Amino acid sequence: MMNEGLKVAVIGGGSSYTPELIEGFIIRAKELPVDDIYLVDIEEGKEKLSIVGELARRMFLKAGLKTRVHITLDRREAIKDADFVITQIRVGGLNARASDEIIPLRYNVIGQETTGAGGFAKAIRTIPVILDICRDIEELSPNAWLINFTNPAGIITEAVLKYTKVKAIGLCNVPIGIVNNVAKILNVNSKRVRIEFVGLNHMVYGKEIYLDGQNITSTVLEKLSDTASINMNNIPDLNWDKDFIYALGMLPCPYHRYFYMTEEILEQEIEDLKSGKGTRAQQVMKIEKDLFEKYKNPSLDEKPKELEKRGGAYYSDAAVSLINAIYNDKEEIHTVNVRNNGAISNLPNDVVVEINSVISKAGAKPIVFGKLPIKINGLIQQVKTYELLTVEAGVTGDYYTALMALTANPLIPSVKIAKKILNDILVQNKDYLLQFK
């Protein structure tokens with residue numbers, strides 16, 4: 001590994017995000033010598049895979065690069081002797097996501113694809129598949145690095161690190177999005193902004209914010225409590241309560257709205273469903289359709305601007321930046337999902353956290369944070385309990401563990417509701433949940 005001529009396998013290569021991934025490799029071609037990129041998908045994604053693969057070839061050709069793009073349905077062929085494996089899969093596709101969002105809403109519970117009951121459904125569908133992929137990696141490319149940004153990224157990375165020997169790092173676009181938004185608020189280049197992130201995936205806080213090394217946390221919080229907004233395309237852009245922002249004293253991430261503004265988010269989701277606007281999955285289906293129509297254009301040879309309308313914008317570029325830091329032993333700071341290893345003193349050492357880490361050829365070394373402030377400790381501990389139970393349920397298929405996972409989630413109001421939602425999830429996803437007897 002780490003010789004000239006890298007092989008990269010992209011599992012879920014037919015994703016609409018893949019052109020951003022390709023752009024990331026093109027931008028870093030002088031530092032990151034990739035000879036072969038294998039885009040692999042399943043039979044149902046064959047048409048999209050072909051469309052994306054041809055666009056990727058046109059992009060490399062325009063850039064004057066000789067990187068070979070391989071389009072295949074053979075996952076083992078793609079993984080064999082790979083230096084890096086990227087996972088960006090959606091088990092069940094957007095139809096499954098739509099059901100993840102709609103089922104909770106039947107019981108007046110937030111429906112969201114990575115947080116709450118929706119995220120639970122997505123996780124237990126995905127865990128068996130990701131572990132199967134990891135078995136291929138262990139056999140065919142044991143020295144490869146797995147870069148996972150399959151959601152829910154924290155839970156999936158937790159499963160991989162707990163149940164396999166694969167060298168894995170989880171990645172989320174939320175911290176990058178926050179940095180870019182803060183830079184936009186301040187009207188400065190994002191490279192001048194540094195944020196001390198700590199927490200869990202979609203539960204990460206910006207503890208301190210720096211501009212050119214100077215702490216400007218209070219300035220940013222003042223702007224956020226006024227009219228400035230830090231958000232993502234897939235989350236309702238509701239204004240934060242000014243007094244709450246001052247009380248919290250740190251930067252919440254966009255997903256915190258689900259926990260701190262539950263009633264308002266739920267009302268908006270129900271209204272969107274009743275009005276015909278639909279859930280986010282239904283909106284994304286249209287965005288995806290439009291994107292792939294553009295991708296089909298034989299004259300298109302660059303990432304279209306419209307891709308940024310997807311909620312996961314910057315995921316792929318972040319993945320290539322992370323790969324570059326590992327390959328070139330850069331010792332850069334990235335915010336990643338990694339085993340805690342004592343970085344947060346009041347969480348167990350072996351659980352996955354989302355935190356600033358030094359990235360080198362040895363992987364990710366989390367930067368020591370210390371003790372979580374009491375004002376965020378309780379929520380993080382509760383969500384981590386939910387995550388650990390979800391991983392166990394996803395692996396074992398135990399009904400009672402699954403019930404406890406949903407019951408532990410802060411967005412589920414009662415055992416009665418948790419049980420109804422769980423039963424609906426198991427029925428809706430029976431074809432994917434073979435681990436549940």
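The values are calculated or read from the model by the stated rules, or taken from the named source; none is laboratory data. Values in this document were obtained by computation on a predicted structure and should not be read as measured data. For neighbour counting, all protein chains shown are included, and Cβ atoms are generated from backbone atoms with ideal geometry for every residue, glycine included. Please note that ligands, DNA and RNA were not included when accessible areas were found on the heavy atoms of the full protein model with its side chains. Shrake-Rupley method; radii C 1.70, N 1.55, O 1.52, S 1.80 Å.
Condition check ((1) under 28 Å from Asn324 (Cα atoms); (2) open to solvent by 10 Å² or more (accessible area, probe 1.4 Å)) across all residues:
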residue: Pro33; (1), (2): yes, yes
residue: Asp36; (1), (2): yes, yes
residue: Gly45; (1), (2): no, yes
residue: Lys66; (1), (2): yes, yes
residue: Arg76; (1), (2): yes, yes
residue: Val85; (1), (2): yes, no
residue: Ile102; (1), (2): no, yes
residue: Gly116; (1), (2): no, no
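Filter region 18-31 for residues that are open to solvent by less than 10 Å² (accessible area, probe 1.4 Å) and either modelled with pLDDT of 95 or more or not charged (D, E, K, R) (or both); which is farthest from Lys305 (Cα to Cα)?
Across region 18-31, the extreme among qualifying residues is Phe25.
Could you check Glu77 against (1) outside any loop (DSSP other than H, G, I, E, B); (2) within 22 Å of Tyr432 (Cβ to Cβ); (3) of a type in the set (D, E, K, R) and say which number it fails?
In the conditions (1) outside any loop (DSSP other than H, G, I, E, B); (2) within 22 Å of Tyr432 (Cβ to Cβ); (3) of a type in the set (D, E, K, R), Glu77 misses (2) alone.
For every residue, the table says whether it meets (1) in a helix (DSSP H, G or I); (2) more than 21 Å from Thr114 (Cβ to Cβ).
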{"site": "Ile355", "(1), (2)": "no, no"}
{"site": "Lys365", "(1), (2)": "no, yes"}
{"site": "Gln381", "(1), (2)": "yes, no"}
{"site": "Thr385", "(1), (2)": "yes, no"}
{"site": "Ala393", "(1), (2)": "yes, no"}
{"site": "Met404", "(1), (2)": "yes, no"}
{"site": "Leu411", "(1), (2)": "no, no"}
{"site": "Leu426", "(1), (2)": "yes, no"}
{"site": "Leu433", "(1), (2)": "no, no"}
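Just a yes or no: is a residue in region 321-334 at negative phi, β-branched (Val, Ile, Thr), in a helix (DSSP H, G or I) and at pLDDT 95 or above?
Taking every residue of region 321-334 in turn, at least one turns out to be at negative phi, β-branched (Val, Ile, Thr), in a helix (DSSP H, G or I) and at pLDDT 95 or above.
Among Asn108, Asn95, which is modelled with pLDDT under 95 and farther than 21 Å from Trp145 by Cβ?
Asn95
Against the conditions (1) within 30 Å of Ile22 (Cα to Cα); (2) open to solvent by 10 Å² or more (accessible area, probe 1.4 Å), where does Thr396 fall short? Just the number, please.
(1) is the only condition that Thr396 fails.
Residues Glu263, Glu306: which one is modelled with pLDDT of 95 or more, in a helix (DSSP H, G or I), out of contact with any Ser or Thr (no Cβ under 7 Å at 6 or more places or on another chain) and surrounded by fewer than 16 Cβ atoms within 10 Å (Cβ to Cβ)?
On inspection, the qualifying residue turns out to be Glu263.
If you go through region 279-300, how many residues are touching a residue at least 40 places away in the same chain (Cβ under 8 Å) and outside any helix (DSSP H, G or I)?
Number of matching residues: 3.
Select, from Glu302, Glu392, the only residue that is charged (D, E, K, R) and under 30 Å from Ile124 (Cα atoms).
Glu392
For Leu379, all conditions in the list (1) under 18 Å from Pro175 (Cα atoms); (2) surrounded by fewer than 23 Cβ atoms within 10 Å (Cβ to Cβ) hold save one; what is the number of the exception?
(1)
Across region 399-437, what is the number of residues that are surrounded by fewer than 17 Cβ atoms within 10 Å (Cβ to Cβ), in contact (Cβ under 8 Å) with a residue 40 or more places away in the chain and of a type in the set (Phe, Trp, Tyr)?
Qualifying residue count, region 399-437: 0.
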